[in-house]
Amino acid sequence: MTITIALPSKGRMKDEASAIFERAGMTITAVGNDRSYRGRIEGWDDVEVAFLSASEISRELGNGTIDFGVTGEDLMREGFAEVDKRVEFCARLGFGHADVVVAVPEIWLDVDTMADLGDVAADFRARHGRRLAIATKYWRLTQQFFSSQHGIQLYRIVESLGATEGAPASGSADIIVDITSTGSTLRANHLKVLQDGVILHSQACLVRARKESHADEPVVQAIIEAVRAAL
Ligand SMILES: Nc1ncnc2c1ncn2[C@@H]1O[C@H](COP(=O)(O)OP(=O)(O)OP(=O)(O)O)[C@@H](O)[C@H]1O
Ligand SMILES: O=P(O)(O)OC[C@H]1O[C@H](OP(=O)(O)OP(=O)(O)O)[C@H](O)[C@@H]1O
């Protein structure tokens, strides 16, 4: 059986993902020319490499159409409910760090915690005639965090496809849930992260799709061990 590993083909995770495999003694060469979306690993004849975007990798892992992938934990947890039943997070790779956070306008001086935000949400309709609006592309993580973890039910999600941090200033939402790494985009948009508003500390992970066939494949364990040893 051929084992497929998907690595980021572009974007912020591409170079560091390849470097980890290199250190693991798994040097990847493109099949065909440099722009090819397939690769091989010398000495690992049963392994095939596919180059996809980080979001495609999380989708294919969740669907079980590839065996391993390097992608962000945020994309996996947002993409699939009960994700730990579908995949195994085999290793945290130490790059691609980003926190998924709840951020509110800095001028909301009385709002520093999720409990404060719960109070605002409860009063919002009476004060403003509508529910508190949250801009995000992380709707699953937002619902889990607000509804299940903090018991906040009175809000509306406004799906954002980009420039989420601009939503409060433009009036399309009141607060946001998005990723931050250096914090500069939040600061530039006069937003602050709530004290207990970190939903997830994400980073790039080696992820395995859970498949019964993997139990009989020594190469599956060999890949995990080689990558862990390179960290
Ligand atoms: N500053 C950052 N901004 C955005 N994503 C970041 C940042 N730092 C780390 N990441 C992580 O990178 C991953 C997204 O990477 P990237 O944007 O390359 O993927 P993609 O969503 O597939 O790309 P695209 O949006 O171009 O299709 C996420 O897991 C995210 O947490
Ligand atoms: O905390 P910071 O270091 O400012 O980084 C966070 C920002 O970076 C990302 O946007 P980016 O424009 O890089 O790209 P994307 O949203 O298209 O992935 C992300 O969506 C945040 O807006």
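What the table below lists for this structure:
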{"item": "Mean ellipticity per residue at 222 nm, deg cm²/dmol - from DSSP H runs of n ≥ 4 across the chain, formula -39500 (n - 2.57)", "result": "-8500 deg cm²/dmol"}
{"item": "Folded to 0 to 90 degrees: helix 114-128 orientation relative to the chain principal axis, Cα", "result": "50 degrees"}
{"item": "Positive-end extreme of charge dipole, the chain - chosen from 158, 29, 9 (charges on Cβ)", "result": "158"}
{"item": "Where only alpha carbons of region 98-202 are counted, the Rg and the Dmax (Å)", "result": "12.3, 36"}
{"item": "Relative intensity, log₁₀ I(q)/I(0), of region 36-188 from a Debye sum that treats every alpha carbon as a point, q = 0.16, 0.19, 0.20 Å⁻¹", "result": "-0.95, -1.21, -1.29"}
{"item": "Whichever lysines have a C-alpha closer than 30 Å to that of residue 85, once near sequence neighbours (fewer than 8 apart) are set aside", "result": "10, 14, 137, 211"}
{"item": "Degrees separating the helix 54-63 axis from the principal Cα axis of the chain, which is the longest one", "result": "80 degrees"}
{"item": "Candidates 213, 181, 53: whichever shows maximal mean-square fluctuation once the chain is modelled as a Gaussian network with Cα springs under 10 Å", "result": "213"}
{"item": "Computed label-point distance, nm, for sites residue 33 and residue 119 using a 7 Å Cα→Cβ extension", "result": "6.4 nm"}
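None of the figures in this text is laboratory data; all of them are computed from the coordinates on show. Values in this document were obtained by computation on a predicted structure and should not be read as measured data. No Cβ is skipped: glycine too gets one built from the backbone with ideal geometry, and neighbour counts run over all protein chains shown.
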